[in-house]
Amino acid sequence: MTDERINLLLIEDSAVDARVMTEMVRNIDTIKMIWVRELASGLERLDQGDVDLVLLDLGLPDSQGLDSLSQVVAHAASVPVIVLTVRVDMEVALEAIRLGAYDYLVKKTVRGPFLENTVRHAIANRHNEQALKVSEQLFRSAFLCAPVGMTLVGVDGRLMWVNQALCDMLDYSIDELSTKRFSDISPAEELASNTQILHRLLSGENSSITSEVALTDRSGGRVFAEILWSLLRHPDDQPIHFIAHIIDITERKHAELTLKENEEIYRSLVETSPDGIFLADLDGSIIRANRQAAELLGYETPTELTGKDGYSLLFTYDKRAAAQKLEEFEKNGCLHNSETRLQRRDGSVCPVELSAQFIRDVDGQPKAMMALFRDISYRKNLESQLVQAQKLESIGQLAAGIAHEINTPAQYVSDNTVFLQRAFEKLVSCGAQAKSLLEMAAAGAIDPEHLTGIKKSLRKSKLDYLTKQVPRAIEQSLEGLERIGNIVAAMKEFSHPSKGDKEPVNLHQAIETTLMVARNEWKYVAETVTDFDPELPPVPCLRDEFNQVILNLVVNAAHAIGDVVDVAAEQKGTITVSTKAEENWAEIAVEDTGGGIPEAVRDKIFDPFFTTKKVGQGTGQGLAIAHSVIVDKHGGSLSVESTADKGARFVIRLPLQEEREGLSP
């Protein structure tokens, strides 16, 4: 929001202080200061609705203390408020924060750049809060009004939230269903598979799982459903609850059952048909065939035809006529009672009457090809006898029919659906023939008959055809490999977030060095005590960044102690740094005897730019950076324990064994 203009309302009765504040932002083009002396005037100005932030003095002519803050917050809850005061009063500051103030500033410590940053952060923070509320409202509305069933399931299996669509599906009210567990609406035979799904999500094996299950409604009846399961986790990866999107597929299941019954009927019709029938994809590869098709083509079982090229089986014997029929089929999408000849597996030729057509999807696009062919050998024999009987008349008629079939021949369109496995087998065969030829050549005796056989084998292998189709298959394979390569590269980048290399570090030496570097920060206010575990081995970590974390914690401890001891009276606190090995973890603790961390802000101390120090003493970045180094770069944890007026204890946990996938390359 650096390019947006900010209207800053200053409610301050002191003209001197108002002038100082105005001077601070005079040269900042993006901030406009609006000054009023009294709270009432400020509330009236807020009613105009163009104020982005309020700077509020607690000592006003018409209102005193935190009551002024309460009125401003009640009047314009969406506008962040920064309290201005002449002295530090932690109790008042904490109460102001509790009442809704964004920050509590001492006037004499405020400077222009700091004020600008504080204002911008306050406005951004309020915008984020409002966006979060809107997001929560949208989620609740989307959840409750979703057209599909939705439920939040606790890790213990309890139905935490349910929406109306799910209640309607199972014939329950929301109150009734909210008292149940997921196992209460699952048939006994489904419990094991449902439990396995939830365990896979909890273990991280899957991020989401879709399953088809049966659910039990109020009456005990079965409702078939498709459930998309996912798991919501805390930032520390602890599970919160499962999210289930549930679609009623009962009608679909019944339709599938009906479809299955119809398929059985049609399958019986196809299997008992006296005609050969097969189904192929658009490339001609046979998907399914009946027994009569296998018999007509000279195969023992229909499964032997699966994967074979249907076009080649039907249109191989007479290539010129086949080219014409294939062209007609591709042009019109069908063939009706077209006579042709096919070559059986044993080389014999069988005349057939062929019908074929495309099977189309709902959009009218071809998705498969079905061929039906009938053995017309008997009919052809009768025709042959008729030809013999009628001599020239029959011959003329037959010649006219043949002329009709071979008229205006077209160039045969090469089949483009040879699979790599078949191609590889043929190429291996050719390679073996070539190898044998090389061996004969090396021996100085090439058998002419063997050479002739090799030539025939090469012609039969259709190398020209393979050289056209194999690159296409290889290209598709390379595209798949390229995608896999991209995923692997992304996984590698994800598992190596740091550019530095971890190395085994003697933490005791690193801590001692850091304490020495930071000595000037703590020597006037504290004594340092170290309690090192002699059994702690070297720990794999990024040495420089670990040292920086320890430095931040020690300096923070010194500042905390400095706020509570009387340096003039030579009072000192204590900073204790200890280590210990605990199973597979190294634990490092930095403890001080300062004033502790207020419970109200304890959850925010690792947030960027948040600080409990005096103005000008800290940027609010140290603990945020330390948390990132320990958690993000080392896979460890950083936590805090604190008691008011008794100090704070920061605990670092680092893995003793380096996770190899977490190393940088």
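Less than 5 angstrom separates the built amide H of Lys308 from those of Ile286, all sequence-distant by 5 or more or on a different chain.
Extents of segment 206-257, largest first, come to 45, 24, 11 Å (Cα atoms, principal axes, whole angstrom).
Quick one: with all protein chains in place, what share of the accessible area of segment 335-385 is carbon or sulfur, to the nearest percent (1.4 Å probe)? Within segment 335-385, the accessible surface is 46 percent carbon and sulfur. Each residue of segment 233-242 is assigned a 3J(HN,Hα), and the resulting list reads 10, 6, x, 8, 6, 6, x, 9, 6, 8 Hz, derived from the Karplus form 6.51 cos²θ - 1.76 cosθ + 1.60 (θ = phi - 60°), x at Gly and Pro.
Basic side chains Lys and Arg get +1 at the Cβ, acidic Asp and Glu get -1 at the Cβ, and with that the dipole of segment 524-646 about its Cα centre reaches some 460 debye.
For Asp52, the accessible area of its heavy atoms, probed at 1.4 Å with every protein chain present, is near 50 square angstrom. Taking all protein chains in place and a 1.4 Å probe, what share, in percent, of the accessible surface of segment 1-56 do carbon and sulfur account for? The C+S portion of the solvent-accessible surface of segment 1-56 is 42 percent. Shape analysis of segment 235-388 places it in the prolate category; the axes a ≥ b ≥ c from the Cα gyration tensor give an a/c of at least 1.5, with a/b above b/c. The alpha carbon centroids of segment 270-289 and segment 1-64 are separated by 84 Å. For segment 161-211, carbon and sulfur atoms together expose 46% of the accessible surface, with a 1.4 angstrom probe and every protein chain in place. Simple spin-label estimate for Asp237 and Lys604 gives 3.0 nm between the two label positions (7 Å along the Cα-to-Cβ direction from each Cα).
Short-range pairs are left out: with C-alpha atoms under 8 Å and at least six residues apart, the relative contact order of segment 186-226 is 35 percent.
How large is the accessible surface per residue of segment 324-374, computed with a 1.4 Å probe and reported in Å² as a whole number?
On a per-residue basis, 57 Å².
Need one word for segment 530-592: rounded, prolate or oblate. Basis is the Cα gyration tensor (sqrt eigenvalues a ≥ b ≥ c); a/c below 1.5 gives rounded, then a/b vs b/c decides. Prolate, because a/c is 1.5 or more and a/b exceeds b/c. Averaged over its residues, segment 156-230 has an accessible area of 51 Å² per residue, based on protein heavy atoms and a 1.4 Å probe. Shape call for segment 1-103 from the C-alpha gyration tensor, a ≥ b ≥ c root eigenvalues: rounded (a/c under 1.5), prolate (a/b greater than b/c) or oblate? Verdict is rounded for segment 1-103. Per residue, segment 1-130 exposes 50 Å² of solvent-accessible protein surface, assessed with a 1.4 angstrom probe and all protein chains in place. Applying 0.36 nm per residue to the separation of Phe143 and Lys468 and subtracting their alpha-carbon distance, the gain on full extension is 111.6 nm.
3J(HN,Hα) along segment 574-585: 9, 10, 10, 10, 10, 9, 7, 8, 9, 6, 9, 10 Hz, from the Karplus curve 6.51 cos²θ - 1.76 cosθ + 1.60 with θ = phi - 60°, whole Hz, x for Gly and Pro. Estimated at 0.36 nm per residue, the fully extended path between His254 and Ala568 surpasses their Cα-Cα distance by 104.3 nm. Each residue of segment 76-83 is assigned a 3J(HN,Hα), and the resulting list reads 9, 5, 7, 9, x, 10, 10, 7 Hz, derived from the Karplus form 6.51 cos²θ - 1.76 cosθ + 1.60 (θ = phi - 60°), x at Gly and Pro.
Sparsely packed loop sites in segment 189-255 (the trypsin sites (Lys or Arg not before Pro) outside DSSP H, G, I, E and B with at most 13 other Cβ atoms within 10 Å) comprise Arg218.
The values are calculated or read from the model by the stated rules, or taken from the named source; none is laboratory data. Given the structure is predicted, the values throughout are model-derived calculations rather than measurements. Virtual Cβ from ideal backbone geometry, glycine too; neighbours counted across all protein chains shown. These area figures cover heavy atoms from the full protein model, side chains too; ligands, DNA and RNA do not enter into them. Shrake-Rupley method; radii C 1.70, N 1.55, O 1.52, S 1.80 Å.
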